[in-house]
Amino acid sequence: MQNKNVLLAVTGGIAAYKACALTSKLTQQGANVKVIMTESASKFVSPLTFQALSRNPVYTDTFDEKDPEKIAHIDLADWADIFLLAPATANIIGKVANGIADDIVSTIILATKAVVYIAPAMNVNMYEHPAVIKNMQVLADFGYHFIEPGAGYLACGWVGKGRLEEPETIIDVIKTHQGNRQLLAGKKVLISAGPTRERIDPVRFFSNRSTGKMGYKLAEAAYELGADVTLVSGPVDLKNPTVGIKLINVTTAQEMYEAMTDNFPNQDIVIKAAAVADYRPKITYDEKMKKQDGALQIELERTQDILKALGNRKTNQFLVGFAAETQNPIEYGTEKLKRKNLDAIVINNVAQEGAGFGSDTNIVTYVNRELEQHDIPQASKKEVANELFKLILQDMKDEKA
Ligand code: CTP
């Protein structure tokens, strides 16, 4: 935490008293701490306590502008490396989820570019209320990181989940997360995800069973590891990724080819998790095709092999392909690695239970240029994504050495 600027936002719950220990521990670990409080928080703990512990002025009023040279709340928003909202009440979670900025905390959180951590604390029934769950999901989708409350005896008398996590644990979670964020810091990562659709007529198309889940999890993981991420996505039924990820929506293999090749030159890591159609109808019809007696033949032509094209024009990019196979996965996968000039290939046997299309988990084998194999046993697609980035980074280091 050394020299990190931490803006600690305290809102009005009984757990506000734990924010005092948090301030003290953060300053002991070398962080510069400034505290902002809502009016209700100051009913639980006096701003003077935080001032003494942080050795900095405490801000409670958006309109209390002491220095005419600066606009205090914007200055604080810009100053922060880390915005820590602890304890976060149901009220502040609801306000931020809806973009309401009517006090110093909700105003600064909208203005800051800092990494935001939220440690909720409230009565267990409030924590489990659908409105709070929905609002927390909205905040998670903004890319804010939650430090979940612990379970136990609550000040209100109930026993359950809602107790502010202990200050030491909050700091540990932030430290681990900040450490991880360095792994891909300064790196540009381009990922393709989902199927493509190849049009027959205005109402019909050829496609495949890819849901895009693996590619989206890769994009999410890369973003959390600090990368600058671009995600080229075929048509999927998934929520948009966090706002920090640049999303380019495409439909056809040709559109995906253009988006990938346009964005390819200045990337560090490129991962092609998309299931691209290998063929498209040679002729597409502007009007809906009418059925006729007898069989129908549709002539197909090859689409571009995007990965192969990228492999041919590769300079410094670390290029990773995916191979979805139903038989001889390692043999077919390594053949693709060589044929498409890749740095690594992620092979999955889509016939296996718990792997491949639509599943929330995956089972893969990562093979690099040296044909070293790493098996990643069944794990959530997010865990698989994190594991893959570790292997990729290791191979990038080895290539440089
Ligand atoms: N791929 C691509 N463009 C295509 C087809 C595939 O970029 N037109 C990429 C996929 O994104 C994936 C990899 O190639 O990363 C392997 O895809 P797969 O369909 O398994 O392999 P193919 O090359 O199509 O080989 P085959 O059909 O023989 O299995």
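The values are calculated or read from the model by the stated rules, or taken from the named source; none is laboratory data. None of these values were measured; they are calculated from a predicted model. Cβ atoms come from the backbone with ideal geometry, glycine included; neighbour counts cover every protein chain shown. SASA here: full protein model, heavy atoms, side chains in, ligands and nucleic acids out. Shrake-Rupley method; radii C 1.70, N 1.55, O 1.52, S 1.80 Å.
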Val320 is checked against (1) at pLDDT 95 or above; (2) open to solvent by 10 Å² or more (accessible area, probe 1.4 Å); (3) not hydroxyl-bearing (Ser, Thr, Tyr) and fails just one. What number does that condition carry? (2)
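Each row is one residue, and each column tells you yes or no for (1) within 12 Å of the ligand (Cβ to nearest atom); (2) in a loop (DSSP other than H, G, I, E, B); (3) of a type in the set (A, V, I, L, M, F, W, C); (4) over 26 Å from the mean Cα position of the chain (by Cα).
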site	(1), (2), (3), (4)
Ile347	yes, no, yes, no
Ala351	no, yes, yes, yes
Ser359	no, yes, no, no
Asn362	no, no, no, no
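In the list Ser210, Ser233, Ser192, which residue meets the criterion of being at pLDDT below 95, outside the structural domain of Ala140 (by TED's automatic domain parsing) and not β-branched (Val, Ile, Thr)? Reasoning before the result, please.
Numbers: Ser233 fails: at pLDDT below 95; Ser192 fails: at pLDDT below 95.
From the options Ser210, Ser233, Ser192, the qualifying one is Ser210.
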Only listed residue being within 11 Å of the ligand (Cβ to nearest atom), in a strand (DSSP E or B) and free of Cβ contacts under 8 Å to residues at least 40 places away in the same chain, chosen from Ala379, Ala323: Ala323
Which pairs do you get when a residue that is free of Cβ contacts under 8 Å to residues at least 60 places away in the same chain, found in segment 284-303, comes within reach of a residue that is in a loop (DSSP other than H, G, I, E, B) and of a type in the set (Val, Ile, Thr), reach meaning Cβ atoms under 9 angstrom, with the pair 6+ apart or on two chains? Glu299/Ile283
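Residues to consider are Met136, Met122; find the one that is crowded, with 21+ Cβ neighbours inside 10 Å, more than 22 Å from His73 (Cβ to Cβ), in contact with a Ser or Thr (Cβ under 8 Å, 6 or more places away or on another chain) and of a type outside the set (Lys, Arg).
Details: Met136 fails: in contact with a Ser or Thr (Cβ under 8 Å, 6 or more places away or on another chain).
Matching residue, one of Met136, Met122: Met122.
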List pairs: first residue in segment 349-360 and touching a residue at least 60 places away in the same chain (Cβ under 8 Å), second residue part of a strand (DSSP E or B) and of a type outside the set (S, T, N, Q) anywhere in the structure, Cβ distance under 8 angstrom, at least six positions apart or on different chains. Phe357/Ala275; Phe357/Ala324
Is there a residue in segment 195-202 that is more than 19 Å from Lys340 (Cβ to Cβ), open to solvent by 40 Å² or more (accessible area, probe 1.4 Å) and within 12 Å of the ligand (Cβ to nearest atom)? no
Mind counting the residues in segment 45-69 that are closer than 20 Å to Asp102 by Cα and without any contact (Cβ under 8 Å) to a residue 40 or more places away in the chain? 6
Selection from segment 87-105 of residues that are among the acidic types (Asp, Glu) and over 26 Å from Ala155 (Cα atoms): Asp102
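Pick out, from segment 124-185, the helices (runs of 4 or more DSSP H) lying fully within it that include 2 or more residues that are over 24 Å from Thr23 (Cα atoms) and out of contact with any helix residue (DSSP H, G or I) (no Cβ under 6 Å at 6 or more places or on another chain).
Numbers: elements: 124-127, 130-141, 167-181.
Counting at least 2 such residues, we get 124-127, 130-141.
Against the definition (in contact (Cβ under 8 Å) with a residue 60 or more places away in the chain and either more than 29 Å from Gly356 (Cα to Cα) or outside the structural domain of Arg302 (by TED's automatic domain parsing) (or both)), how does Arg204 come out, yes or no? Give the steps one after another, and end with the answer.
On the way: in contact (Cβ under 8 Å) with a residue 60 or more places away in the chain: yes; either more than 29 Å from Gly356 (Cα to Cα) or outside the structural domain of Arg302 (by TED's automatic domain parsing) (or both): no.
Taking the combined requirement at face value, the residue does not satisfy it.
Residues are listed down the side, and each one gets a yes or a no for (1) farther than 19 Å from Ala385 by Cα; (2) touching a helix residue (DSSP H, G or I) at 6+ places or on another chain (Cβ under 9 Å):
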{"position": "Glu287", "(1), (2)": "yes, no"}
{"position": "Ile298", "(1), (2)": "yes, no"}
{"position": "Thr303", "(1), (2)": "yes, yes"}
{"position": "Thr315", "(1), (2)": "yes, no"}
{"position": "Lys340", "(1), (2)": "yes, yes"}
{"position": "Ile345", "(1), (2)": "no, yes"}
{"position": "Gly356", "(1), (2)": "no, yes"}
{"position": "Tyr366", "(1), (2)": "no, yes"}
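Quick one: count up the residues across segment 170-210 that are polar (S, T, N, Q) and touching a strand residue (DSSP E or B) at 6+ places or on another chain (Cβ under 8 Å). First the steps, then the outcome.
Pass one, segment 170-210, residues polar (S, T, N, Q): 176, 178, 180, 182, 192, 196, 207-208, 210.
Still in the list and also touching a strand residue (DSSP E or B) at 6+ places or on another chain (Cβ under 8 Å): 178, 192, 196, 207-208, 210.
Of the residues in that region, 6 qualify.
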If you take the residues in segment 326-337 that are open to solvent by 50 Å² or more (accessible area, probe 1.4 Å) and either more than 9 Å from the ligand (Cβ to nearest atom) or not assigned by TED's automatic domain parsing to the domain that holds Ser192 (or both), which one is nearest to Ala193 (Cα to Cα)? Thr326
From Leu190, Leu225, which residue is in contact with a Ser or Thr (Cβ under 9 Å, 6 or more places away or on another chain), in contact (Cβ under 8 Å) with a residue 24 or more places away in the chain and surrounded by 19 or more Cβ atoms within 10 Å (Cβ to Cβ)? Leu190
Given (1) open to solvent by less than 40 Å² (accessible area, probe 1.4 Å); (2) outside the structural domain of Thr252 (by TED's automatic domain parsing); (3) touching a residue at least 40 places away in the same chain (Cβ under 8 Å), number of the condition Gly150 does not satisfy: (3)
